[in-house]
1. How do the pairs read when you match residues in segment 168-181 that are on the phi < 0 side of the Ramachandran plot with residues anywhere that are among the β-branched types (Val, Ile, Thr) and at pLDDT 95 or above, using Cβ under 7 Å and keeping only pairs 6 or more apart or on different chains?
2. Can we say ILE253 is assigned to a strand (DSSP E or B) and surrounded by 21 or more Cβ atoms within 10 Å (Cβ to Cβ)?
3. Out of (1) crowded, with 18+ Cβ neighbours inside 10 Å; (2) of a type outside the set (Lys, Arg); (3) not in a helix (DSSP H, G or I), the odd one out for ALA95 is which?
4. Give segment 98-140 a look and list any residue that's assigned to a loop (DSSP other than H, G, I, E, B), in contact with a strand residue (DSSP E or B) (Cβ under 7 Å, 6 or more places away or on another chain) and either among the hydroxyl-bearing types (Ser, Thr, Tyr) or within 21 Å of ASN15 (Cα to Cα) (or both), or say none.
5. Please find, within segment 1-29, the residue that is nearest to TYR104 (Cα to Cα) out of those that are part of a loop (DSSP other than H, G, I, E, B) and in contact with a Leu (Cβ under 6 Å, 6 or more places away or on another chain).
6. Do we have any residue at all in segment 233-241 that's under 16 Å from the mean Cα position of the chain (by Cα) and in a loop (DSSP other than H, G, I, E, B)?
7. With the requirement that a residue be over 22 Å from the mean Cα position of the chain (by Cα) and buried (at least 16 other Cβ atoms within 10 Å of the Cβ), what does segment 326-341 give you?
8. What residue, of LEU296, LEU376, LEU360, LEU321, is assigned to a loop (DSSP other than H, G, I, E, B) and either within 23 Å of GLY246 (Cα to Cα) or of a type in the set (A, V, I, L, M, F, W, C) (or both)?
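The values are calculated or read from the model by the stated rules, or taken from the named source; none is laboratory data. If you're wondering where the values come from, they're calculated on a predicted model, not measured in any experiment. For neighbour counting, all protein chains shown are included, and Cβ atoms are generated from backbone atoms with ideal geometry for every residue, glycine included.
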Amino acid sequence: MMMEIQPVLLGSDANVYGMARSFYTQYGVTSVAVCKGALVATANSNLVRIAVLEPRLEEDEVFVRTLVDYAKAHDYQTKPMILVSCADGYTILMARHREALAPYYHFACPELQTVLDLDIKDNFYRACAAHGLSYPKTATCNAQNYRQVTLPFDFPCIIKASNSPAYWNCSFPHKKKVFLAHTKQEFDQITAAIYGSSYQDDLILQEYIPGDDNCMRVLNAYCGRDHKVHLMALGRPLLEEQTPEGIGNYAAILSDPEYNDPALLDRMKAFLEDVGWEGYANFDMKYDARTGEYKLFEMNPRQGRSSYFVTAAGYNLAKWLVEDLIEHKDLGLTIADSESLWMIAPYGVIRKYLKDKALLAKADRLKKAGRCAHQLFCKEDWNLKRWLWYLRSQLNYYRKTARYYGNKGLRD
């Protein structure tokens, strides 16, 4: 279906490519990316092109000026421009400057205070407690007290940044997105390394929920301008990525109505509508077999990096956005309930490291039936340069996974 729209995507990573692919599949349009750096996931693509490369894009004044200037130069009055954030920091900037952007772009974005209340992890856990949602036993520490902090649970201990954008911009040896400390000695070494960097905000300290990666669940939702939930898709990750910067990102996800827990989905719907959310939301959680509960880890104020799994399952993410913002349709509520397999890693990696034989058999069946999709491979986007990069990156997954598998400590 061809439509006169122009998607403008903020960022240049795999999330951007997935959203561009969703727009292309549904509407036959090429997206443009506005970003601070060009990443390989969107290079040499026919589905998305980098329109503006601005290293200072995360600065408020530069952000507004860049987007307004682009809209004015590209006929925003005759071709609706749909602005989509693909990173937490961009969502915050959009929320802060929604009045300045609204004359030029169509977008779904929460109010600034709502984003700030939920994007910072310790704020999110307070909101979970207020809404009766379970989360791991949690403590915090800061740059002043991390040496004296007492944990309210036993080791192992998960250590992660409360302020994701600030942590993304810091640097120190052996940095990882998430750490796992098995002992007090490891805990002291990890926290000292983090606070020896530019990162000085709180750290989240959590009990470790036992279970393999396939005990995780990922939920993507779309909430309309009316602050009602219109799409929910729950996936079961099979394996997480293992690289230092990729820990917590998913390598493969199964969609299956078998995994839809009605009580969980009802609670998440009520939560989103109670807080007045607008736009995409993404939740990571883990099933705790000890209590029979889903423990929430975090909420991302955007579609998740792996959210193309929703489109791959037959529920195109771009469709809900366009029908809400441009066509003003009454969307109702849709809960994804089809079977599919999504991957960003090669299937050989999944077969080697997925330990659950029943899940592997289901993945095998879906792959053989052609009900699978790879995040970064799209036959409509074939060209020699992109194909050669794709092959190299897939082969590199084997090396990276073997090198880093199971390593969440302060070492390479």
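1. PHE172/ILE194; VAL178/ILE158; PHE179/ILE159; PHE179/ILE190; LEU180/ILE158; ALA181/ILE159; ALA181/ILE190
2. Answer is yes for this residue.
3. Tallying (1) crowded, with 18+ Cβ neighbours inside 10 Å; (2) of a type outside the set (Lys, Arg); (3) not in a helix (DSSP H, G or I), ALA95 fails exactly one: (3).
4. Correct list: TYR104, TYR105, PHE107, ALA108, CYS109, PRO110, SER134, TYR135.
5. Restricting attention to segment 1-29, the residues satisfying the condition of being part of a loop (DSSP other than H, G, I, E, B) are 1-5, 11-13, 28-29.
Still in the list and also in contact with a Leu (Cβ under 6 Å, 6 or more places away or on another chain): 12-13.
Details: SER12: 21, ASP13: 24 Å.
Ranking the candidates gives SER12 first.
6. Checked segment 233-241: at least one residue is under 16 Å from the mean Cα position of the chain (by Cα) and in a loop (DSSP other than H, G, I, E, B).
7. Result: LEU331, single match.
8. Details: LEU296 fails: assigned to a loop (DSSP other than H, G, I, E, B); LEU360 fails: assigned to a loop (DSSP other than H, G, I, E, B); LEU321 fails: assigned to a loop (DSSP other than H, G, I, E, B).
After ruling out the rest, the residue left standing is LEU376.
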